[in-house]
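**Student:** Following this message is one structure expressed as structure tokens.
The values are calculated or read from the model by the stated rules, or taken from the named source; none is laboratory data. None of the values given here were measured: they were computed from a predicted structure. Here the Cβ positions follow ideal geometry from the backbone for every residue, glycine too, while neighbour counts run over all protein chains shown.
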Amino acid sequence: MTHKKRQHASPAGGFRRAVQQLETAAEEYYRAPYRGAIARAKRDEDDLFMLFVFAEMLGIPNPAAYFTLELQPLLLERFHDWHRRMGMEHSPLDHFRCC
Amino acid sequence: MLDLLNRRFLFVGGKGGVGKTTIAAALASMGAEQGKSCLIVSTDPAHSLGDIFSRPIGSREMPLAANLVGLEIDPETETNRFIDAVKRNMRRLVRPELYREIDRQMELARDAPGAAEAALLERVAELMAEGLDRYDLVVFDTAPTGHTLRLLSLPEVMAAWSDGMLAHHERSRHFASLLAKLGARKPNGDELASIDHEPERRSGDSASQIRALLLARRRKFHRARRLLLDDTLSAFLLVLIPERLPILESRKALRMLRRFDIPVAAMVINRLLPRDVEGEFFNRRREQEAEYLREIEHTFAAIRRYRIPLLERDIHDFASVCRISRLLADELRRSSGLP
């Protein structure tokens, strides 16, 4: 695609922009589904990680509860996103309110 | 004898009341007498180290004699220290309105089951790491068998836990880097908005903090486990008295220790009846003792055994600790065949 650019460099700047836009759109067309799938996989992974960290609070006994404590502050933001995403306006945990 | 004291960490364990603290103190003072700088650490929440040296010791390192420093780990102090650090961390990250919530949450965690145990593990792991640099010999006077076995198995369990957490975290990181390669544009689907929206920048930052914390944890647990399992560095000594229940418990303890690959260097048979006491009562006791001794020789044939006699007085100060220490030194010398 670089030589294409060179070819059409001088005649019309407008045409060059149009080609670029077309390229971006095409790229986007192919990439979007992948990106969606990967984003979803990442989100699931993050949710699972969060579940491990907050397990004890959700009533799931966790032998490592003590060591997850130090991770909790770092996950506040994610926890907030999670309960919003799950359709809960406020934190579902009585003793853990992020908002 | 030297091979035992040349180790860097000695764990002294056994059933409650068999004389663990006495033997631990004797080993530490033996090391100190040889000019090694020694630390003796009590991990039993019901400490008796201070009682044996007739002085308060507490959770700070306290000089007890030349080359000898004592320390009683207080799980409560350790838990508080840890929780306060987490609290400070949390406060940095959330709005002030939430401070009370955090405090409440942390109070619950402080008393949660397992917290004291985890705090103890944390401190023992730290002491092993530091002890390697700061002392020639660290002797751990442990809590009765059950607790100690659990404590010693924790590094393995917790190392596996931190490995697992890190694996999940790494997977998420991998996805994030793939996403970055595919272009940083926000997806059009609303259902994914939470991933790429504004918090992303901050959570990217917290992701690396999470990673750093997990890596530090993992390093600590793996290190403690590596030190513990290295039989040139660490040894476990089982103390028992020639009676039925301690023998049974020692047998169980040995099985558990083997399961976790923790090397057992020797057994100390404590409080043997002296030969020169006469009388019907003592003769009967000695007969029973002989039976149990035979059982011990038979059951624990593969392990080196040292014998310490019953003394006429309790161990209550440094001088009496030294007396046991000399008796133990004789035993060590005798069994290693040195003059």
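**Student:** If you check every pair at least six apart or on different chains, which have Cβ atoms under 8 Å apart with a residue in the range A:24-48 that is in contact (Cβ under 8 Å) with a residue 12 or more places away in the chain and within 7 Å of chain B (Cβ to nearest Cβ) first and a residue that is surrounded by 19 or more Cβ atoms within 10 Å (Cβ to Cβ) and of a type in the set (K, R) second?
**Tutor:** A:D46/A:R78
**Student:** For the list (1) in a helix (DSSP H, G or I); (2) in contact with a Leu (Cβ under 9 Å, 6 or more places away or on another chain); (3) not small (G, A, S), I need the number of the one condition that B:V41 fails.
**Tutor:** Going through (1) in a helix (DSSP H, G or I); (2) in contact with a Leu (Cβ under 9 Å, 6 or more places away or on another chain); (3) not small (G, A, S) one by one, B:V41 breaks only (1).
**Student:** Just to verify a result, which residue in the range A:57-71, among those that are in contact (Cβ under 8 Å) with a residue 12 or more places away in the chain and more than 7 Å from chain B (Cβ to nearest Cβ), is farthest from B:A85 (Cα to Cα)?
**Tutor:** A:L58
**Student:** If you check B:G50 against the conditions, is it over 17 Å from the mean Cα position of the chain (by Cα) and more than 24 Å from B:L245 (Cβ to Cβ)?
**Tutor:** Working: over 17 Å from the mean Cα position of the chain (by Cα): yes; more than 24 Å from B:L245 (Cβ to Cβ): yes.
When the stated conditions are applied, B:G50 passes them.
**Student:** Tell me which helices (runs of 4 or more DSSP H) are completely within the range B:67-172 and hold 2 or more residues being in contact with a Leu (Cβ under 9 Å, 6 or more places away or on another chain), farther than 26 Å from A:L48 by Cα and touching a residue at least 24 places away in the same chain (Cβ under 8 Å), or say none if there are none.
**Tutor:** Details: elements: B:75-93, B:99-110, B:115-134.
Here the list reads B:75-93, B:115-134.
**Student:** For residues that are acidic (D, E) and farther than 30 Å from A:L74 by Cα, tally how many sit in the range B:45-97. Before the answer, list the steps.
**Tutor:** At the first step, the residues of the range B:45-97 found to be acidic (D, E) are B:51, B:61, B:72, B:74, B:76, B:78, B:84, B:97.
Those left that are additionally farther than 30 Å from A:L74 by Cα: B:51, B:61, B:72.
Selection size over the range B:45-97: 3.
**Student:** Can you tell me which condition B:A302 does not meet? The list is (1) over 24 Å from the mean Cα position of the chain (by Cα); (2) within 14 Å of chain A (Cβ to nearest Cβ); (3) among the hydrophobic types (A, V, I, L, M, F, W, C), and all the others hold.
**Tutor:** Only one criterion in (1) over 24 Å from the mean Cα position of the chain (by Cα); (2) within 14 Å of chain A (Cβ to nearest Cβ); (3) among the hydrophobic types (A, V, I, L, M, F, W, C) is unmet by B:A302, namely (2).
**Student:** Are any of the residues in the range B:86-105 facing chain A (nearest Cβ under 9 Å) and either in contact with a Gly (Cβ under 9 Å, 6 or more places away or on another chain) or under 30 Å from B:D141 (Cα atoms) (or both)?
**Tutor:** Within the range B:86-105, one or more residues are facing chain A (nearest Cβ under 9 Å) and either in contact with a Gly (Cβ under 9 Å, 6 or more places away or on another chain) or under 30 Å from B:D141 (Cα atoms) (or both).
**Student:** Name the residue that is modelled with the highest pLDDT, counting only residues in the range B:156-192 that are charged (D, E, K, R) and closer than 15 Å to A:G36 by Cβ.
**Tutor:** Keep residues of the range B:156-192 that are charged (D, E, K, R), which gives B:156, B:163, B:170-171, B:173, B:181, B:185-186, B:190-191.
Now restrict to residues that are closer than 15 Å to A:G36 by Cβ: B:181, B:185-186, B:190-191.
Values: B:K181: 83, B:R185: 53, B:K186: 48, B:D190: 43, B:E191: 40.
The qualifying residue modelled with the highest pLDDT is B:K181.
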